[in-house]
Amino acid sequence: MSKGISATFLSLLFFLSAFSSLFALGQAAPAPPANASQPAATAPAQPPQNPQNGQPAGDQQQGYTITRQVNEVDLVFAVTDKHGRFISDLKQSDFALLDDRKAPERVYSFSQQTNLPLRVGIVIDTSTSIRTRFQFEQQASTEFLLQILKPRSDKAFVMGFDVTPDYKQDWTNNLDALTVGINALRPGGGTALFDAVYSACRDKLLDASRGQEPVRKAMVLISDGDDNQSHAYLDDAIKECQRA
């Protein structure tokens, strides 16, 4: 009994192997004898029809649909004329937005950010390596806030850092309080630049997005760029900035 099964199995394998070889070479299988019960050629089988609309049943089957939430994409841009002058009176209908040559399903908002309230973080390096330039950093930070901040709508915070972040002034539109915070910083210690950027984005700038009104956000980092004691990597700091 087992020999008969083995012989049949081997014959089937041989038949399949021979058929595959003929198909791969594009050769036609030899025609059966004239007295064979089956015809030499048959029409391909047709898919079953749907009795209601005559469509193949296979067309009625639907694949799986996977749905998930994704973050909105903020696209910031500026438009200038041929002389390099900014154009600020454009409307959404003046633009065509394409992603891989396809328009997005929906644009949720379109606004001129020059008119939005500003939230800016002043992040100052207070490590030993900038000791000789520290007074200049303080003066430049104060002057920047005086020039850019509109007390009626804008806010800023002040943070110094060496190996740890040191928040001297939380969000405020009070220029005097911001100046006091800047002048309270003292240099000394190592430098954890990436940690400071990560902390400012996570703890302050990200928090500024949770209000009802849209705002512009920026971080002004004043440093010599050295980093020797961060736990975070550069990529970590960049990703947190993008998230904020």
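Got a number for residues in the range 164-183 being buried (at least 17 other Cβ atoms within 10 Å of the Cβ), closer than 24 Å to residue 237 by Cα and among the hydrophobic types (A, V, I, L, M, F, W, C)?
The qualifying residues number 1.
Can you tell me which residue in the range 191-244 is surrounded by the most Cβ atoms within 10 Å (Cβ to Cβ), limited to those that are part of a helix (DSSP H, G or I) and among the small types (Gly, Ala, Ser)?
196
Output the number of residues of the range 164-184 satisfying the condition of being modelled with pLDDT of 95 or more, in a loop (DSSP other than H, G, I, E, B) and within 29 Å of residue 226 (Cα to Cα).
Result for the range 164-184: 1.
Take the range 63-88 and flag every residue that is within 25 Å of the chain's Cα centre (by Cα) and either outside any loop (DSSP other than H, G, I, E, B) or polar (S, T, N, Q) (or both).
Correct list: 65, 67, 69, 71.
Those residues that are acidic (Asp, Glu) and part of a helix (DSSP H, G or I), I need them from the range 116-142; list them, please.
137
Search the range 125-154 for residues that are touching a residue at least 60 places away in the same chain (Cβ under 8 Å) and buried (at least 16 other Cβ atoms within 10 Å of the Cβ) and pair each with any residue that is outside any helix (DSSP H, G or I) and among the aromatic types (Phe, Trp, Tyr) when their beta-carbon atoms are under 9 Å apart and the residues are at least 6 apart or on different chains.
Filtered contacts from the range 125-154: 125/161; 126/161; 127/161.
Among the residues of the range 89-122 satisfying the criterion of being under 30 Å from residue 222 (Cα atoms) and more than 25 Å from the chain's Cα centre (by Cα), which is surrounded by the fewest Cβ atoms within 10 Å (Cβ to Cβ)?
115
Of the conditions (1) under 28 Å from residue 235 (Cα atoms); (2) without any contact (Cβ under 8 Å) to a residue 24 or more places away in the chain, residue 158 fails just one. Which one is it?
Going through the list (1) under 28 Å from residue 235 (Cα atoms); (2) without any contact (Cβ under 8 Å) to a residue 24 or more places away in the chain, residue 158 breaks only (2).
The values are calculated or read from the model by the stated rules, or taken from the named source; none is laboratory data. The model shown is predicted, which means the values in this text are computed figures rather than measured ones. A quick note on method: Cβ atoms are made from the backbone with ideal geometry, for glycine too, and the neighbour counts reach across all protein chains shown.
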